[in-house]
Structures are given as structure tokens and as C-alpha cells.
Amino acid sequence: MRLYLCNFTTLSEPQKQMILAWRNHEAVRAHMYNEKTISEAEHFSFIESLKTREDRCYFLVQHEGVDIGVIDFNNISNERAVMGLYANPTLHQKGVGSLLMDAIVTYAFETLKVRILKAEVFESNTKAKALYEKFGFCEKGRKMVNEKEVICMELSHEHRSF
Ligand SMILES: CC(C)(COP(=O)(O)OP(=O)(O)OC[C@H]1O[C@@H](n2cnc3c(N)ncnc32)[C@H](O)[C@@H]1OP(=O)(O)O)[C@@H](O)C(=O)NCCC(=O)NCCS
């Protein structure tokens, strides 16, 4: 398995444009807390802001040279982080979500060295919820965001499945 993580802060201009198109794709933004279309200026300034943020990081993930999606970590502390992901919406191959989760779990526990990895998912997003469960995440609570029910999930280092 050849997974490569490109930090957003090192992306080329075409890579930034490609990711903006993914993020604004209906199949992706419908599952994000910010569902609005993001402008090029906002996107570029967000990426610039990551250069001075130690509590968050975003990566373009490549698998055998193919750009397969984005993973991110927010609210990073010594103890925990909150993960996020979206697959390249123009790829229609099975297994991309699992590859992104491999990258997330490995980076969280081996590089960030957190003890607890958190995920938040809209209750309606059955695909993502099933994916998180497949990787050992368990439901810890629920909350409302944007008038929609969100499931709060966690994976602790000792329950990591690989
Ligand atoms: C969530 C997302 C990354 C999953 O990617 P994917 O490529 O469809 O996932 P995979 O093909 O690797 O499937 C992984 C697992 O998801 C689950 N899954 C996939 N399709 C499913 C479906 N139609 N219904 C229920 N579960 C499903 C299964 O557990 C599957 O594992 P299996 O193949 O061993 O059964 C992708 O759909 C995506 O980018 N969605 C938009 C953004 C998003 O929702 N991000 C999460 C926000 S919390």
C-alpha cells in the first residue's frame, strides 16, 4: 500500500484548484458543517492560515500516484484530535474511504501520537458512519449542528484495529 500525504501548506497552485473543486462538489459539501460554496480567495487564505496553526493540519492523500482525497485533523492536543475526510468525488472506485482511514489512523497514532481520535458525522451520513465503525470507532454521544443530528464517535489507541 503506497500512501503519500501532501501537507496543504506545500501544495502547488493546480493542486489547490483541484481540491477546491472537490470541496465544492455537491457530494462532499452536503456532508460538511460549512455547506456553502467556498470561493477561491477563501480557499487560498484558509490554506495560508494553516502555516501558523499547530492545532490543525490538512493533507492531500495520494495512493500509487493517484490523488484519492483529503484528510484533516482539528483541535489537536497531546491527548486527542478530531479527524475529517472526503474522497476525490471524480474517482468511482471502491475502497478509497478505507485507504483514507488507514492514512488517518496511522498519522493520528504514530505521528501525532494522540490517545483518542474523534470523529463527528451527520446521522444521515450512513456511509461515513459505517466506514468509521469498520475502523473501530464507537458512538460516544449526539448533538445538533445546523439543525441536524450529529453522532460523536471515538477510537482510542488501545482499540485500534490494525
Ligand atoms: C465517506 C467517504 C470517504 C467514503 O468513501 P468510499 O470510497 O465510498 O468508501 P469505501 O468504498 O472505502 O467504503 C468503505 C466502507 O464504507 C461503508 N460503505 C460504503 N458504501 C456504503 C453504503 N452505500 N452504505 C453503507 N456503508 C457503506 C462500508 O463499511 C465500507 O466498507 P466495506 O467495503 O468493507 O463494506 C466518501 O463517501 C466521501 O467522501 N463522502 C463525502 C464526504 C464525507 O461524507 N465525509 C465524511 C464527513 S463526516
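Values quoted throughout were computed directly from the atomic coordinates according to the rules given, and no laboratory measurement underlies them. Since the model is a prediction, treat every value here as computed from it, not as a measurement. Counting neighbours? That spans all protein chains shown, and the Cβs are built from the backbone with ideal geometry, glycine included.
In whole angstrom, how long is each semi-axis of the equivalent ellipsoid of the stretch 3-114, when you take the square root of 5 times every eigenvalue of its Cα gyration tensor and sort them from largest down?
20, 18, 14
Full-extension gain between residue 93 and residue 148, please, as 0.36 nm times their residue separation minus the C-alpha to C-alpha distance.
Taking 0.36 nm per residue and subtracting the Cα distance, the gain is 16.9 nm.
Anything in the chain that counts as a DSSP H helix reaching 20 Å or more along its axis (C-alpha) with Kyte-Doolittle mean of at least -0.5? List them, would you?
For the chain, where a helix must reach 20 Å along its axis and average at least -0.5, there are no hits.
Given the pairs 51/94; 94/140; 36/94; 118/148; 36/113, which span a C-alpha to C-alpha distance of over 30 angstrom in this model?
As for pairs spanning more than 30 Å Cα to Cα, those are 51/94; 36/113.
For the pair residue 158 and residue 27, how long in nm is the line joining their label points, each one 7 Å along Cα→Cβ?
Calculated label separation equals 4.0 nm.
Between residue 16 and residue 79, what length comes free when the chain is fully extended (0.36 nm per residue of separation minus the Cα-Cα distance, one decimal in nm)?
19.6 nm
To the nearest 0.05, how large is the calculated FRET efficiency for residue 48 and residue 4 if R₀ is 22 Å and r is the Cβ-Cβ distance? Show your work: numbers first, answer last.
Working: r = 23 Å, r/R0 = 1.03.
Result of the calculation: an efficiency of 0.45.
Over the C-alpha atoms of the stretch 1-65, what are the Rg and the largest Cα-to-Cα span, Dmax, in Å?
Taking only Cα atoms of the stretch 1-65, I get Rg and Dmax of 12.4, 35 Å.
Just want to confirm a number: the relative contact order over the chain, from Cα pairs under 8 angstrom separated by 6+ residues, in percent.
18 percent.
Between residue 138 and residue 106, take the C-beta separation as r, use R0 = 22 Å, and let me know the FRET efficiency to the nearest 0.05.
Approximately 0.65, to the nearest 0.05.
Looking only at 59, 44, 109, which one moves most when the chain is put into a Gaussian network model with springs between Cα atoms under 10 Å?
Taking springs between Cα atoms under 10 Å, the residue moving most is 44.
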